[in-house]
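The values are calculated or read from the model by the stated rules, or taken from the named source; none is laboratory data. Since we're looking at a predicted model, the values are computed, not measured. Backbone-built Cβ (ideal geometry, glycine too); neighbour counts: all protein chains shown. We work out accessible area using only protein heavy atoms, side chains counted, and drop any ligands, DNA or RNA first. Shrake-Rupley method; radii C 1.70, N 1.55, O 1.52, S 1.80 Å.
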Amino acid sequence: ACGSCKSPLASVTAGQCICAAPNVMLGTGDCITCSTFCSSCFGTSNTQCSTCRNNLQISGGVCGCSAGNYLNTGSNTCNTCHSTCSTCNGAASNNCLSCPGDSYLLSNFACSCNFGKFGTPGACQNCDNSCFTCSGTATNACLTCKPNASWSGGSCTCNSGYVRDTTTGDCVRCHFSC
């Protein structure tokens, strides 16, 4: 049993030297500080955490943020992503890494509603089914049209020889007998 410890960062507890958190004892008896993300650890790597600091979550020895949050490296805390992002690496709307199911990731790392929808990612609304893209739900809010249709004044009209399928809004070729 120990009466004193080699490392000044350790103290004797129940006859053993224990390093004060957030430190870990090496095989040499020296205490070394855990990764800045760990509040306790079993090694010095950021993949060897036992528990995490602040509001970080642990998974397989790694401390990180839950979905919808990102790690603020200045404060080592998790901050909330922009409301249009599912996952992110910063607070801005163009720091998205993934988007809600009703939207997709643009090349500038912002989310945009899927085609046929408009509004705010995560709360996108359906366009009129005659539109490919739109600015609202009305039949005259189309920005672009589906194939075989022409745009005029915000509305999409099927081209000559085509008729609108009322279920899908697609312009389908007229029956050969027409």
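Data overview
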{"read-out": "Within segment 152-177, tally of residues that are open to solvent by 40 Å² or more (accessible area, probe 1.4 Å) and in contact with a Ser or Thr (Cβ under 7 Å, 6 or more places away or on another chain)", "value": "3"}
{"read-out": "Failed criterion for Cys111 (all others in (1) closer than 23 Å to Thr47 by Cβ; (2) touching a residue at least 24 places away in the same chain (Cβ under 8 Å) hold)", "value": "(1)"}
{"read-out": "Of all residues making up segment 125-146, the number that are under 22 Å from Asp102 (Cα atoms) and either more than 33 Å from the chain's Cα centre (by Cα) or surrounded by fewer than 17 Cβ atoms within 10 Å (Cβ to Cβ) (or both)", "value": "11"}
{"read-out": "Residues located in segment 34-53, provided they are more than 19 Å from Gly74 (Cβ to Cβ) and either open to solvent by 30 Å² or more (accessible area, probe 1.4 Å) or hydroxyl-bearing (Ser, Thr, Tyr) (or both)", "value": "Ser40, Phe42, Thr44, Ser45, Thr47, Gln48, Ser50, Thr51"}
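Here's the yes/no breakdown for (1) at pLDDT 85 or above; (2) within 29 Å of the chain's Cα centre (by Cα); (3) more than 13 Å from Ala10 (Cα to Cα):
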position: Thr33; (1), (2), (3): yes, no, no
position: Phe37; (1), (2), (3): no, yes, yes
position: Asn46; (1), (2), (3): no, yes, yes
position: Gln57; (1), (2), (3): yes, yes, yes
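To keep it simple, each residue is scored yes or no on (1) open to solvent by less than 50 Å² (accessible area, probe 1.4 Å); (2) in contact with a strand residue (DSSP E or B) (Cβ under 7 Å, 6 or more places away or on another chain); (3) more than 24 Å from Gln125 (Cα to Cα).
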| position | (1), (2), (3) |
| --- | --- |
| Cys19 | yes, yes, yes |
| Asn23 | yes, yes, yes |
| Thr28 | no, no, yes |
| Ser59 | no, no, yes |
| Gly64 | yes, yes, yes |
| Tyr70 | yes, yes, yes |
| Cys99 | yes, yes, no |
| Phe109 | no, yes, no |
